[in-house]
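These notes concern the structure reproduced below.
The values are calculated or read from the model by the stated rules, or taken from the named source; none is laboratory data. Remember, it's a predicted structure, so these values are computed and weren't measured experimentally. Virtual Cβ from ideal backbone geometry, glycine too; neighbours counted across all protein chains shown. Ligands, DNA and RNA are stripped out before the accessible areas are found, and what is left, the full protein with its side chains, is counted by its heavy atoms. Shrake-Rupley method; radii C 1.70, N 1.55, O 1.52, S 1.80 Å.
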Amino acid sequence: MRPPKRVCVVTGSRADYGLLKPLLREIKHDPDFKLQLIVTGMHLSKAFGLTERTIACDHFVINEKIDIHLTSDAPTGIAKSMGIAIAKMAVAYQRLNPQLIVLLGDRFEILSAAIAATVNRIPIAHLYGGELTEGALDDCFRHCITKMSCLHFTATKEYRRRVIQLGEAPCSVFHVGALGLDGIRELKPFTRNQLEQELGIKFDRRNLLVTFHPATAEKNTGAVQFRNLLAVLEELKQTQLIFTKSNADSGGREINCLIDQYARKNSWRTIAFASLGQIRYWSLMKQVDAVVGNSSSGIIEAPSFKIGTIDIGDRQKGRVQAQSVIHCNPSRSDMRKALKLLYSGRFQEQLRAVTNPYGDGKTAKRIKSVFKRTNYQNLIPKKFFDIPAFEVRL
């Protein structure tokens, strides 16, 4: 009998953990695998909700906790955190001796985990490659991780094509859908009354879930754009606002301070959370009219709930989008127009027929099946794949 394959998953935030959870369960309960889990980044920060506790409550064993000192979201502070992450990840990999590293997404701590794995010659399986988010530095990080990875699992066919365009062999790139839809498919949501009791809120005639992050490819625009959003939200009547706070990107703390100030001033109709947790967040999606801001959840998961998304600015520009997504510029006038369209009869009717372009909620099983049939020893070194000249259109 062959020993189980050691598969190490790295998670650095509430967002990637929520998406990874169905895959973690698939690996954990399969005797062909030994799951290893490294927790880092915002999970270990009090400022971002200490979400490592959520992982423990979900009965996953954390093999390594790597504190990368998220004390500053200035560019120099993030660069320092990346350096710490690379060094500590390398040591953790030596202790755990994994045969495969699994990484999701495009954040700086995930790039650090990829660099450490590459130096240690451990093959990487990358999820959510090939995407574009033109308003964030995530594009650079994501494509770098793709070039260091040996297996690729993309959320759409278009993203698969783009990964191949980056020089990855087609036989290593799998279109499997988005993992977030697995969680939604399995969701046992809180009821409206349960959410009101759980969160201490009272739903109004209209309700909006607001998540706004800095557009890191732009310089110091996050706070200005967010103030514009707050000014527009201030004009709304009979509307309950539920904010989830920004992440650890450069400028995120300033946005979080603005959220706290606004919530204190408008406590009768506003509440803010550092982290809602996946079940509460998705349960809210079933109850609200729209997701507002620039979070990927509004693009990838919200369409499955037949609700609208108001996507502000360029942070998510380039992603495949459902017809439920209203894109607007970060000006007050454009945001007002987007909200007016959201509540129009025509748009509300359109939501009933929306289909989610990100899959069917069976992604984790597809990924695991590839893990099962792959010989990890044959993944390194990999070769650059040249697209045949007749396929290249200049």
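Students sometimes get this wrong: rank His143, His327, His152, His59 by accessible area, probe 1.4 Å, all chains present, largest first.
In descending accessible area the options line up as His59, His327, His143, His152.
Residues of region 268-282 falling in the label zone of Gln197, defined by backbone nitrogen less than 17 Å from a point 7 Å along Cα to beta-carbon, are 280.
The average projected area of the chain, computed from the convex hull of its Cα atoms over all directions, is 19.7 nm². Given a Förster radius of 45 Å and the C-beta distance between Ala47 and Gln165 as r, what FRET efficiency does 1/(1 + (r/R0)^6) yield to the nearest 0.05? Working from the Cβ atoms, E equals 0.75.
Please go through region 146-238 and write out the trypsin sites (Lys or Arg not before Pro) that DSSP classes as loop and that have at most 11 other C-beta atoms within 10 Å. When the trypsin sites (Lys or Arg not before Pro) of region 146-238 are filtered for loop state and at most 11 Cβ neighbours within 10 Å, Lys202, Arg205, Lys219, Lys237 remain. With all pairs of separate Cα atoms included, region 73-220 yields a Kirkwood hydrodynamic radius of 17.7 Å. Taking label points 7 Å from Cα along the Cα-to-Cβ direction, Thr76 and Glu234 give a separation of 3.4 nm.
Working value for region 157-267: equivalent-ellipsoid semi-axes of 34, 23, 11 Å, each the square root of 5 times a Cα gyration tensor eigenvalue, largest first.
Per-residue extension of 0.36 nm, minus the Cα-Cα distance of Asn97 and Ile279, leaves a gain of 62.2 nm for this segment. Taking the C-alpha atoms only, the angle from helix 363-373 to the longest principal axis of the chain is near 10 degrees. Straight-line reach from Lys265: taking Cα to Cα under 23 Å and skipping same-chain neighbours fewer than 8 places apart, the lysines in range are Lys202, Lys237, Lys245.
In units of the rule-of-thumb radius 2.2 N^0.38 Å, region 40-113 shows an alpha carbon radius of gyration of 1.12. Cβ-Cβ distance of His29 and Asn120, R₀ of 30 Å, FRET efficiency by 1/(1 + (r/R0)^6): the value works out to about 0.65. Available extension along the chain between Lys157 and Cys257 is 32.1 nm, counting 0.36 nm per residue and deducting the alpha carbon span. Were the residues from Val320 through Val61 laid out at 0.36 nm apart, the gain over their Cα-Cα distance would be 89.8 nm. Shown here for region 200-272: GluC sites (Glu not before Pro) in loop regions (DSSP other than H, G, I, E, B) with at most 14 other Cβ atoms within 10 Å, namely Glu235.
Once region 1-137 is represented by equal point scatterers at the alpha-carbon sites, with solvent omitted, what log10 I(q)/I(0) does the Debye formula produce at q = 0.14, 0.16, 0.20, 0.21 Å⁻¹? Debye output, listed in q order: -0.62, -0.81, -1.27, -1.40. Between Tyr343 and Asp204, the C-beta separation translates, for a Förster distance of 22 Å, into a calculated FRET efficiency of about 0.95. Tell me whether region 254-321 comes out rounded, prolate or oblate; compute the Cα gyration tensor, take square roots of the eigenvalues as a ≥ b ≥ c, and use a/c under 1.5 as the rounded threshold. Taking the square roots of the gyration eigenvalues as a ≥ b ≥ c, region 254-321 is oblate.
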